Amino acid sequence: MFKEEITLENVFDRAKADHGSLKEEEVRALKIEAIPDTGAWSLVINEDVRQKLGLAIKRKRWSTLADGTSGTYDVTDSVIVQWKDRDTVVPAIVLPGAKDILLGAMPLEGMDLMVDPVHGKLVGVHGEEPEYMIL
């Protein structure tokens, strides 16, 4: 298990700043340490991170955790996830009281990243330059 520094940013704040209706310094963003976890599907955050980013709850989703427990969890508005020069936009699942932020398969794939378990780091699936699938 290893952690990587990522930046999470409120997607609506970013859009407002890009269009000039919000000052850049008012964009809610956090630099945090996250565990790349290919066993998790999505981005998993805790309630504290959700509140700091100002993410609204959009729906609830039934999920099963790694320990086998199942429950209904809040799913947020989309959030921008950035790692170095790569980024993607995904919703987040809020796991109340979670100590660790999980960077699951969906955001990893969205940034064309994979886990290098031998060296304990993230690497580009297609090298240094991300290759994005166009549908």
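The values are calculated or read from the model by the stated rules, or taken from the named source; none is laboratory data. A quick note: this is a predicted structure, and the numbers were derived from the prediction, not measured. In this analysis, Cβ positions are derived from the backbone assuming ideal geometry, glycine residues included, and neighbour counts consider all displayed protein chains.
What do you reckon, is Phe2 of a type in the set (Phe, Trp, Tyr) and touching a Pro at 6+ places or on another chain (Cβ under 9 Å)? Give the steps one after another, and end with the answer.
Working: of a type in the set (Phe, Trp, Tyr): yes; touching a Pro at 6+ places or on another chain (Cβ under 9 Å): yes.
When the stated conditions are applied, Phe2 passes them.
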- [ ] Inspect segment 108-122 for any residue being in a helix (DSSP H, G or I), touching a Pro at 6+ places or on another chain (Cβ under 9 Å) and within 21 Å of Phe2 (Cα to Cα) and give the result as yes or no.
- [x] yes
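Could you tell me which of the residues Leu53, Leu95 is touching a Phe, Trp or Tyr at 6+ places or on another chain (Cβ under 8 Å) and not charged (D, E, K, R)?
Values: Leu53 fails: touching a Phe, Trp or Tyr at 6+ places or on another chain (Cβ under 8 Å).
Going through Leu53, Leu95 in turn, the sole match is Leu95.
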Open item on the list: For the condition aliphatic (A, V, I, L, M), touching a Phe, Trp or Tyr at 6+ places or on another chain (Cβ under 6 Å) and either at pLDDT 95 or above or surrounded by fewer than 20 Cβ atoms within 10 Å (Cβ to Cβ) (or both), what is the one hit in Met1, Met106?
Closed with: Met106
Open item on the list: Checking the condition surrounded by 17 or more Cβ atoms within 10 Å (Cβ to Cβ), free of Cβ contacts under 8 Å to residues at least 60 places away in the same chain, within 26 Å of Met114 (Cβ to Cβ) and among the hydrophobic types (A, V, I, L, M, F, W, C), which residue from Ile45, Ile80 passes?
Closed with: Ile45
Open item on the list: Let me spell it out: the conditions are (1) surrounded by 14 or more Cβ atoms within 10 Å (Cβ to Cβ); (2) touching a residue at least 24 places away in the same chain (Cβ under 8 Å), and Gly54 meets all of them except one. Which number is the exception?
Closed with: (1)
Task: Glu25 vs. criteria surrounded by fewer than 15 Cβ atoms within 10 Å (Cβ to Cβ) and within 14 Å of the chain's Cα centre (by Cα) - done: no
Open item on the list: Among the residues that make up segment 36-59, is at least one of them aromatic (Phe, Trp, Tyr) and touching a strand residue (DSSP E or B) at 6+ places or on another chain (Cβ under 6 Å)?
Closed with: no
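What residue, of Gly124, Gly68, Gly39, is on the phi > 0 side of the Ramachandran plot and either modelled with pLDDT under 95 or polar (S, T, N, Q) (or both)? Talk me through it step by step, then tell me what you get.
Values: Gly124 fails: on the phi > 0 side of the Ramachandran plot; Gly39 fails: on the phi > 0 side of the Ramachandran plot.
On inspection, the qualifying residue turns out to be Gly68.
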Task: The one condition in (1) surrounded by fewer than 19 Cβ atoms within 10 Å (Cβ to Cβ); (2) more than 10 Å from the chain's Cα centre (by Cα) that Val94 fails to fulfil - done: (1)
- [ ] Tally the residues that are modelled with pLDDT under 95 and either of a type in the set (Gly, Ala, Ser) or in contact with a helix residue (DSSP H, G or I) (Cβ under 8 Å, 6 or more places away or on another chain) (or both), restricting the search to segment 85-103.
- [x] 3
